[in-house]
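**Q** The structure follows.
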């Protein structure tokens, strides 16, 4: 009999890729999310679709878990900006509800999509391993809530119910709604802020590789139980080079504007304060977290994922980003 998997957040970019990877691996999939426009695509992949909001409460979550062997929890509020209470409600409380429901329903375990944003600091960090501690003060509400959710998941690991967390870095792919669309908005202006000369290194991850890592975490659950794994495409690229390549892909000659990062940090913090005071608290054009991401390197040692999960990147995520930028530019995305 096929292994039965629940995928939360299936209507997001990673969720869609995960459904495809699971179906290719012979899993029977129940997919849930809140975007009805993606329902047809999920059904075309052979998934049973149950549109639902995990924050509706324990009863909704319990119904989704019934009859499942494993839960892949990819649902999240993934944004550098938003109300603290919303991050807590979606990324933390819904995770607690899902853990309780999965155990009560007799599921064998849960694989959680965490984030390497938990490491974010105002300094370069290269070859990070899972033994490196998260930042003592998370840089924004997203990082804070993902760390809380991750800790709840790993604490729930016990005999008869395994839990594992995967931290995929800077996802790119056809259904990305977070990273590349925001970059394209900036690049279309022809000017790109490059603190510290754009020398910071970033490792993108093709969404197909991240999805495969999640499936491997279930397939190797006996070894992966109770552990967290950093995942990336393994090909670090400087922010300056990435901006230039993406600019070329969208037909823009990018002028990189360098400035001392403390000045950019202070300016971003001021803009954030103004946005918080404005009606509706609109997302500012730049955030302090965004400046930190552009200013400081974050790369990973993938040894643990390689040894325990058998993971190695199959796709060049930098090439994926350039191709998607070219396609989206033609479609007008990011304007």
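The values are calculated or read from the model by the stated rules, or taken from the named source; none is laboratory data. Please read all numbers here as calculations on a predicted model, not as lab measurements. Quick reminder, even Gly has a Cβ in these numbers, built from the backbone with ideal geometry, and neighbours come from all protein chains shown.
**Q** Starting from region 167-179, take each residue that is on the phi < 0 side of the Ramachandran plot and touching a residue at least 60 places away in the same chain (Cβ under 8 Å) and list its partners that are assigned to a strand (DSSP E or B) and crowded, with 24+ Cβ neighbours inside 10 Å, counting only C-beta distances under 6 angstrom and pairs at least six apart or across chains.
**A** Within 6 Å, the pairs are 167/230; 168/205; 168/231; 169/205; 171/205.
**Q** When you look at residue 60, is it buried (at least 19 other Cβ atoms within 10 Å of the Cβ) and in contact with a helix residue (DSSP H, G or I) (Cβ under 9 Å, 6 or more places away or on another chain), yes or no? Lay out the reasoning, then the answer.
**A** On the way: buried (at least 19 other Cβ atoms within 10 Å of the Cβ): no; in contact with a helix residue (DSSP H, G or I) (Cβ under 9 Å, 6 or more places away or on another chain): yes.
The answer is no for residue 60.
**Q** Quick one: is residue 132 surrounded by fewer than 17 Cβ atoms within 10 Å (Cβ to Cβ), touching a strand residue (DSSP E or B) at 6+ places or on another chain (Cβ under 7 Å) and over 30 Å from residue 326 (Cβ atoms)?
**A** In short, no.
**Q** Looking at region 108-158, which of its residues are without any contact (Cβ under 8 Å) to a residue 60 or more places away in the chain, more than 30 Å from residue 196 (Cβ to Cβ) and either assigned to a loop (DSSP other than H, G, I, E, B) or out of contact with any helix residue (DSSP H, G or I) (no Cβ under 6 Å at 6 or more places or on another chain) (or both)?
**A** 151, 155, 156, 158
**Q** Restricting the search to region 63-86, which residues are part of a loop (DSSP other than H, G, I, E, B) and crowded, with 17+ Cβ neighbours inside 10 Å?
**A** Those that are part of a loop (DSSP other than H, G, I, E, B) and crowded, with 17+ Cβ neighbours inside 10 Å: 68, 69, 74, 75, 76, 77, 78, 80, 81, 82.
**Q** Only residues that are touching a residue at least 12 places away in the same chain (Cβ under 8 Å) and either over 24 Å from residue 190 (Cβ atoms) or crowded, with 17+ Cβ neighbours inside 10 Å (or both): list them for region 246-264, please.
**A** 246, 247, 249, 250, 252, 254, 261, 264, listed by residue number.
**Q** State yes or no: is residue 220 surrounded by fewer than 18 Cβ atoms within 10 Å (Cβ to Cβ) and within 24 Å of the chain's Cα centre (by Cα)? Step through it out loud before you land on a result.
**A** Details: surrounded by fewer than 18 Cβ atoms within 10 Å (Cβ to Cβ): yes; within 24 Å of the chain's Cα centre (by Cα): yes.
So residue 220 passes the test.
**Q** Is there any pair linking a residue in region 62-85 that is free of Cβ contacts under 8 Å to residues at least 24 places away in the same chain and at positive phi to one that is in a loop (DSSP other than H, G, I, E, B) and surrounded by 23 or more Cβ atoms within 10 Å (Cβ to Cβ), with Cβ under 9 Å and at least six apart or on different chains, and which?
**A** As it stands, the answer is none, since no pair meets every condition given.
**Q** Taking the condition surrounded by fewer than 16 Cβ atoms within 10 Å (Cβ to Cβ) and within 23 Å of residue 5 (Cβ to Cβ), does residue 89 pass?
**A** no
**Q** Within region 35-50, which residues are under 19 Å from residue 68 (Cβ atoms) and either within 17 Å of the chain's Cα centre (by Cα) or without any contact (Cβ under 8 Å) to a residue 12 or more places away in the chain (or both)?
**A** 43
**Q** Any residue at all in region 221-235 that's more than 24 Å from residue 14 (Cβ to Cβ) and modelled with pLDDT of 90 or more? Don't jump to the end; show me each part of the working.
**A** Our first condition is that a residue be more than 24 Å from residue 14 (Cβ to Cβ); within region 221-235, this holds for 222.
Still in the list and also modelled with pLDDT of 90 or more: 222.
Within region 221-235 (the criterion being more than 24 Å from residue 14 (Cβ to Cβ) and modelled with pLDDT of 90 or more), the answer is yes, since at least one residue qualifies.
**Q** For region 282-311, which residues satisfy the criterion of being part of a loop (DSSP other than H, G, I, E, B) and surrounded by 13 or more Cβ atoms within 10 Å (Cβ to Cβ)? Even if it seems obvious, please write down each step before you answer.
**A** The first filter runs over region 282-311 and keeps only residues part of a loop (DSSP other than H, G, I, E, B), leaving 282-287, 296-297, 301-302, 310-311.
Residues satisfying the conditions are 283, 284, 285, 286, 287, 296, 297, 301, 302, 310, 311.
**Q** Does region 93-100 contain at least one residue that is without any contact (Cβ under 8 Å) to a residue 40 or more places away in the chain, under 16 Å from the mean Cα position of the chain (by Cα) and either on the phi < 0 side of the Ramachandran plot or surrounded by fewer than 19 Cβ atoms within 10 Å (Cβ to Cβ) (or both)? Lay out the reasoning, then the answer.
**A** So in region 93-100, the residues without any contact (Cβ under 8 Å) to a residue 40 or more places away in the chain come out as 93.
Subsequent filtering for residues that are under 16 Å from the mean Cα position of the chain (by Cα) retains none.
No, there is no match, as no residue in region 93-100 is without any contact (Cβ under 8 Å) to a residue 40 or more places away in the chain, under 16 Å from the mean Cα position of the chain (by Cα) and either on the phi < 0 side of the Ramachandran plot or surrounded by fewer than 19 Cβ atoms within 10 Å (Cβ to Cβ) (or both).
**Q** Which numbered condition trips up residue 55, out of (1) within 20 Å of the chain's Cα centre (by Cα); (2) in contact (Cβ under 8 Å) with a residue 40 or more places away in the chain; (3) surrounded by fewer than 21 Cβ atoms within 10 Å (Cβ to Cβ); (4) closer than 21 Å to residue 153 by Cβ?
**A** (2)
**Q** If you don't mind, another one. Restrict the check to region 269-277 and report whether at least one residue is surrounded by fewer than 20 Cβ atoms within 10 Å (Cβ to Cβ), at pLDDT below 90 and touching a strand residue (DSSP E or B) at 6+ places or on another chain (Cβ under 9 Å).
**A** no
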